[in-house]
Amino acid sequence: MEKSSELKQEHYFVLKDGLVVKDLEELQKTMKSMSKETYSHHVTREKNDFYNWIKFIHKENKLSREILKADNPKQMGLIIANHLTNQRMKKALIELKLIEKAKAIPNYTTRSKLISSIKKAFEI
């Protein structure tokens, strides 16, 4: 998945009402206040623009399938929020495991540099 800073402007999602959405976090927040009219423009029996954007731009296959279960923007927002929370939790768990392994390194300077690198990689 690309971060919004990595996403090219031509891949931003432009809603029917003109609002521009740059990433999944913005989409999740936008769903909270999205009108039925805007949602219905992007989600019909024939198409789901959010599915396409999530699947083909963000490469999030599982999430794209999950949002198909949503009947309204609030439900879709909750599905996206759960996905983002799970991603953050997985990232934090990986970080903790790496730091624990780094703590086992006997050389203080090497250990400190490695832990610092891990934190920087995980944007802490």
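Among the residues of the stretch 78-94, the one identified as among the small types (Gly, Ala, Ser) and surrounded by 13 or more Cβ atoms within 10 Å (Cβ to Cβ) is Ala81.
Could you list, in sequence order, all residues of the stretch 58-77 that are part of a helix (DSSP H, G or I) and crowded, with 18+ Cβ neighbours inside 10 Å? Matches in the stretch 58-77: Leu63, Ser64, Ile67, Pro73, Met76, Gly77. Of the residues contained in the stretch 52-59, none is found to be farther than 20 Å from Leu7 by Cβ and without any contact (Cβ under 8 Å) to a residue 40 or more places away in the chain. When the stretch 38-50 is filtered for residues that are surrounded by fewer than 18 Cβ atoms within 10 Å (Cβ to Cβ) and within 16 Å of Leu24 (Cβ to Cβ), only Asp49 remains. Filtering the stretch 102-124 to residues that are assigned to a helix (DSSP H, G or I) and within 20 Å of Arg88 (Cα to Cα) leaves Ile115, Ser116, Ser117, Ile118, Lys119, Lys120, Ala121.
Conditions tested, residue by residue: (1) charged (D, E, K, R); (2) assigned to a helix (DSSP H, G or I).
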| residue | (1), (2) |
| --- | --- |
| Lys16 | yes, no |
| Lys29 | yes, yes |
| Met34 | no, no |
| Tyr39 | no, yes |
| Tyr51 | no, yes |
| Lys55 | yes, yes |
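Pairs meeting the criteria (first residue in the stretch 95-111 and small (Gly, Ala, Ser), second residue surrounded by 11 or more Cβ atoms within 10 Å (Cβ to Cβ), beta carbons under 7 Å, at least 6 apart or on different chains) are Ala102/Arg111; Ala102/Leu114; Ala102/Ile115; Ala102/Ile118.
Please determine whether any residue of the stretch 11-22 is at pLDDT 95 or above, out of contact with any Asp or Glu (no Cβ under 7 Å at 6 or more places or on another chain) and closer than 23 Å to Phe122 by Cα. Yes, the conditions are met somewhere in the stretch 11-22.
I need the full set of residues from the stretch 80-93 which are among the hydrophobic types (A, V, I, L, M, F, W, C) and under 11 Å from the mean Cα position of the chain (by Cα), in order please. Of everything in the stretch 80-93, those that are among the hydrophobic types (A, V, I, L, M, F, W, C) and under 11 Å from the mean Cα position of the chain (by Cα) turn out to be Ile80, Ala81, Leu84.
The values are calculated or read from the model by the stated rules, or taken from the named source; none is laboratory data. Worth saying up front: this structure is predicted, and the values here are computed from it rather than measured. Virtual Cβ from ideal backbone geometry, glycine too; neighbours counted across all protein chains shown.
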